[in-house]
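First up is the structure itself, then whatever we jot down about it.
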Amino acid sequence: MRLSKMVMLFLLIVSQSITAHADSTVRIAVLKYGTVSWVLDVIKRHGFDKQEGIHLEITPLAGTLATKVALQAGAADIIVSDWLWVSRQRRSGTDYVFRAYSTAVGAVMVPKDSPIKSLADLKGAKIGVAGGPLDKSWLLLTAFAQKHVGLDLRKETDQVFGAPPLLAQKARQGELDAVLNFWHYCARLEAAGFRRVKGVQDAAKGLGIVSEIPMIGYVFSRSWANKNPKLISAFLRATDKANELLKKSDQEWQRLRPLMRVKDDRTWQVLRDRFRQGIPRKDAPETERDIGILFKILAELGGKKLVGVGKELAPGTFWDKPAIRKP
């Protein structure tokens, strides 16, 4: 009888623990080798999720499409994507919202001894473009070159579209005159001696943008966040803690080296510095306005294939609910 009561008590405690654990779980699906994994690793290593009263459950996936499917299927609460996708999904009836993760974007990179010094020198050049002809960085660069240089990059260059690692390899092998790649591939090329000709953020500023635009961010359902305000606020506070540590601690970056997959100090240093530059500062009131301007530019260049049916950023795209502070 005594043993039976002890077993029943044990099962009751386990059951309550599981229930409590489930109630505090935040599920995030991320690209397996994406840079957000660095932030999440810091959160788990230092227990920032536990400090905030949540259990962060991380699902690494092979591609960005897989993460979107996970969110849409209800297998994840949060993913990382861009505001273009969020706006397009909202036009289709979802209630997804966007919260900035990084302002880091790519740049046009050339070998250190290249005669290309400016965008004007790209005329007739063979340029690799990551992400395809509707990539937002490529379209912004195209708009900038058209406005300030009088050069139509789409007509007056030979473009090679492909996957970021493949284009980075082709650039190193000298098969391309220039390459527009995602920021971390640009950082690796920079560490290898390549030069930056024009950054995408610089191009955006040349189009009338004031703030540093966060191109990617955490994406989640507003209805889920409204039902779980403490969970989403705790998650965002945990990410902010991780970013603060990454801003200040070189030791933490040393610990991340295996995850960063770097073999030399120079590459490690450039990746660290470029990541730090991309950590969003406190939300500026002009950021949403500026993104609205960029959206219209992209809609004009990319059309429905890029932005969907809307010609303006869908209302409610940004998560603007204030964080709940712990007592």
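Where a number appears in this text, it was derived from the coordinates with a stated rule and is not lab data. Because the structure is predicted, anything quoted here is derived from the model rather than measured. Neighbour counts are summed over all protein chains in view; Cβ atoms, including those assigned to glycine, are modelled from backbone coordinates with ideal geometry.
Quick rundown of the values:
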read-out: Stokes-Einstein translational diffusion, the chain - Kirkwood Rh over all Cα pairs, 1.567 mPa s, 4 °C, in µm²/s; value: 61 µm²/s
read-out: Theoretical ellipticity at 222 nm over the chain - DSSP helices of four or more residues, -39500 (n - 2.57) apiece, nearest 500; value: -15500 deg cm²/dmol
read-out: Percent antiparallel among DSSP beta bridges (both partners in the chain, rounded to 5); value: 50 percent
read-out: Gained length - Ser92 relative to Asp202, 0.36 nm times residue gap less alpha-carbon distance; value: 36.4 nm
read-out: Crossing angle, helix 136-148 versus the chain [Cα axis fit, 0-90 degrees, rounded to tens]; value: 30 degrees
read-out: Projected label distance in nm at Arg45 and Ser114, using a 7 Å step from Cα toward the beta-carbon; value: 3.3 nm
read-out: Sequence-distant residues sharing a close amide H with Phe98 (under 5 Å, placed H); value: Phe318, Trp319
read-out: Cα lying deepest toward the dipole's positive end in the chain, options Gly206, Leu40, Val149, charges on Cβ; value: Leu40
read-out: Cα-Cα over 31 Å, subset of Lys241/Lys263; Lys155/Lys304; Lys68/Lys155; Lys44/Lys198; Lys147/Lys305; value: Lys68/Lys155; Lys44/Lys198
read-out: Beta bridges by DSSP in the range 107-205, antiparallel share as percent, to the nearest 5; value: 45 percent
read-out: Among the listed pairs Lys227/Lys311; Lys117/Lys296; Lys32/Lys170, those beyond 27 Å (Cα-Cα); value: Lys227/Lys311; Lys117/Lys296
read-out: Dipole in debye (nearest 20) - the chain, about Cα centre, beta carbon charges: Lys, Arg +1; Asp, Glu -1; value: 560 debye
read-out: Length-normalised contact order of the chain in % [C-alpha pairs under 8 Å, at least 6 apart]; value: 26 percent
read-out: Distance between modelled label sites at Leu134 and Val69, nm, 7 Å Cα→Cβ extension; value: 1.9 nm
read-out: Relative compactness, the range 107-205, computed as alpha-carbon Rg over 2.2 N^0.38 Å; value: 0.94
read-out: Least to most buried among Lys126, Lys136 (fewest other Cβ within 10 Å first); value: Lys126, Lys136
read-out: Pair Thr59, Asp250: separation of 7 Å Cα→Cβ label points (nm); value: 4.0 nm
read-out: Between the range 289-314 and the range 80-130, the Cα center-to-center distance that results, in Å; value: 14 Å
read-out: Loop-resident sites, the range 153-262, for trypsin sites (Lys or Arg not before Pro), counting at most 14 other Cβ within 10 Å (DSSP); value: Arg261
read-out: Net dipole in debye of the range 50-194 [+1 Lys, Arg Cβ; -1 Asp, Glu Cβ; about Cα centre; nearest 20]; value: 200 debye
